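To start, the structure under review is shown below, and the notes come after it.
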Amino acid sequence: MWPTRYSTRTPYLAQLPGKRSAYQGRRRRSLRRSVGHSILSAGLAAVIGGTGVWITEALIAPQASQAYTSRLDLFIAREAGEDYEALVRRAEMAARAGAQRSFDQDLLTTNVSVSVVVESQGITVPILALRVDREEWRSRPETYFWATYYRTAEALLNTSPATLGL
């Protein structure tokens with residue numbers, strides 16, 4: 001590709017002042033071409049070398065796994081005459097079904113977050129939040145064990161909207 005031998009001697013005509021030989025012109029053109037080829041070769045080597053490092057790293061070093069969280073908001077309406085304990089049981093069943101459905105639908109889901117909100121007489125109140133990962137759910141699929149219950153929900157749901165100023 002590149003010449004491996006360079007002439008160290010110049011012809012006699014090239015040494016005379018004011019005389020330009022065909023040899024000097026060829027040498028300059030050859031030098032320009034070799035510089036252009038060397039820049040092109042260096043760029044190509046850099047691209048190939050960088051790609052090789054990236055491919056090697058991708059093959060050797062495993063990618064870090066990331067947690068994939070499924071978020072689900074469930075709204076349930078309070079039925080007429082339903083007491084708070086029955087409402088909580090219904091919210092637990094809805095949260096359990098939502099968590100199980102989220103894990104079943106997507107195998108990449110590692111965490112599930114379910115919020116259950118109750119609507120009653122124009123008021124919406126969060127009643128419980130369920131946050132669980134797949135391994136915890138597999139070992140113990142019980143809503144009450146992983147759920148966070150909001151204490152003020154009962155007081156807000158048993159209060160009429162007129163009392164709250166709505």
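Observations
- Any chance ALA153 is buried (at least 19 other Cβ atoms within 10 Å of the Cβ), over 26 Å from the mean Cα position of the chain (by Cα) and of a type outside the set (Val, Ile, Thr): yes
- When the stretch 130-149 is filtered for residues that are within 19 Å of ARG90 (Cβ to Cβ) and surrounded by fewer than 17 Cβ atoms within 10 Å (Cβ to Cβ), the ones remaining, listed by number, are PRO141, GLU142, TYR144, PHE145, THR148, TYR149.
The numbers here are math on the coordinates, done by the rules we state, and not lab data. Everything quoted here is computed from the prediction, not taken from an experiment. Backbone-built Cβ (ideal geometry, glycine too); neighbour counts: all protein chains shown.
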